[in-house]
């Protein structure tokens with residue numbers, strides 16, 4: 001059986017990027033006549049057959065691959081399903097289509113490449129949700145199509161190499177606002193719930209909380225900074241029904257997401273505490289299945305539509321221009337007041 005020829009194979013022979021090959025084979029602008037002729041000749045000699053990626057001469061139409069780590073699509077982690085839906089809708093508005101692949105924990109650990117990339121079915125990739133550094137480095141070294149990270153960013157930056165383009169919510173400022181909001185309501189004993197070493201987004205929220213606490217000269221007690229998930233795997237299973245509350249409670253908790261906030265409220269009630277009468281609780285995301293809480297949780301809303309719009313726009317620009325680099329795009333959210341906070345003043 002003859003070897004399946006991929007765009008990346010042609011790109012390697014000609015000495016150009018896969019994006020350039022895609023544009024040349026599809027008749028798209030942005031490729032010189034000399035390079036286009038060389039690519040077409042090489043493709044013919046290698047026996048290349050067009051795959052599912054299509055490009056119209058006047059209006060580009062791409063297949064966009066979306067990768068989501070398996071741990072983020074469990075029963076209680078459907079925030080990323082909604083982010084994917086917003087991304088898919090935005091892609092259609094831009095005359096593109098999305099193809100979803102869930103990356104299993106085993107594939108992520110052993111560095112297995114997504115099938116969408118192996119079969120050359122997409123012209124670009126969006127990665128929704130944090131993936132470990134080793135796997136991200138593997139993708140960077142082997143993927144020949146542009147990709148953009150959503151809701152996380154590259155952690156190991158050496159100051160020389162360009163980091164991956166990413167689109168994130170403003171976790172730092174959001175948690176900073178939430179903490180200041182509680183302070184404005186008269187709270188001075190404020191805890192934080194979130195395993196800050198688990199992901200960079202939780203770390204950003206923790207640092208926003210810390211900034212507000214330091215500015216107001218408030219004590220940050222170690223026993224009031226609680227974990228909500230496993231530090232290595234990111235799994236919340238062990239904490240869903242066993243949030244480890246301290247003996248002495250603060251008057252308020254800043255939680256790194258609404259799901260965590262719902263677990264904290266449940267744990268407080270088991271101890272006989274009322275929310276917000278005895279302890280106030282705020283979350284982050286403004287996304288929670290109704291059955292998870294019977295009280296509205298004050299939160300910082302993530303603008304998923306804005307993130308999807310930005311991510312698709314950045315990826316399309318990267319597919320058209322080989323040298324385009326957006327860096328880290330921060331999409332602002334907004335504070336939403338609900339029922340979970342009591343004013344002490």
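None of the figures in this text is laboratory data; all of them are computed from the coordinates on show. Not measured: the values here are computed from a predicted model. Glycine also receives a Cβ, built like all others from the backbone with ideal geometry; neighbour counts cover every protein chain displayed.
Can you sort 130, 224 so the residue with the fewest Cβ neighbours within 10 Å comes first? The partial results should precede the final answer.
Numbers: 130 22, 224 19.
Starting with the residue having the fewest Cβ neighbours, the order is 224, 130.
Where does each of 40, 245 land when they are ranked from fewest to most other beta-carbon atoms within 10 angstrom?
Least crowded to most crowded, the residues run 40, 245.
FRET efficiency for residue 222 and residue 61, Cβ-Cβ distance as r, R0 = 56 Å, nearest 0.05?
Approximately 0.55, to the nearest 0.05.
Tell me whether segment 201-345 comes out rounded, prolate or oblate; compute the Cα gyration tensor, take square roots of the eigenvalues as a ≥ b ≥ c, and use a/c under 1.5 as the rounded threshold.
Because a/c hits 1.5 or more and a/b exceeds b/c, segment 201-345 counts as prolate.
For residue 270 paired with residue 32, estimate the spin-label separation in nm (one decimal), with each label point 7 Å from Cα along the Cα-to-Cβ line.
6.8 nm
Can you give the direction-averaged projected area of the convex hull of the alpha-carbon atoms in the chain, in nm²?
Projected area, direction-averaged: 19.2 nm².
Computed FRET efficiency, Cβ-Cβ of residue 322 and residue 44, R0 25 Å: what is it to the nearest 0.05?
0.60
Hey, fewest Cβ within 10 Å first, where do 141, 123, 313, 293 land in order?
Exposure proxy ranking, most exposed first: 141, 313, 293, 123.
Expressed in nm to one decimal, what extension gain is obtained for the pair residue 105 and residue 247 from 0.36 nm per residue of sequence separation less their Cα-Cα distance?
Value of the extension gain: 47.5 nm.
Could you work out how far apart the two model spin labels at residue 89 and residue 12 are, taking each label as a point 7 Å from the Cα in the direction of the beta carbon, and quote it in nm?
4.1 nm
When ranked by the protection proxy of mean other Cβ atoms within 10 Å per residue, highest first, what sequence do the peptides 143-154, 79-90 form? Kindly include the intermediate steps, with their values, before the conclusion.
Working: 143-154: 22.3, 79-90: 19.5.
Taking the mean over residues of other Cβ atoms within 10 Å, the ranking is 143-154, 79-90.
Taking 0.36 nm per residue of separation and subtracting the Cα-Cα distance, what length does fully extending residue 335 through residue 97 add?
Numbers: separation 238, 0.36 × 238 = 85.68 nm, distance 3.25 nm.
Answer, rounded to one decimal: 82.4 nm.
Roughly what would the spin-label model give for residue 121 and residue 292, points 7 Å off Cα along C-beta, in nm?
Once both label points are built, they end up 2.9 nm from each other.
Over the chain, what relative contact order in percent results from Cα pairs under 8 Å that are six or more residues apart?
Relative contact order comes out at 16 percent.
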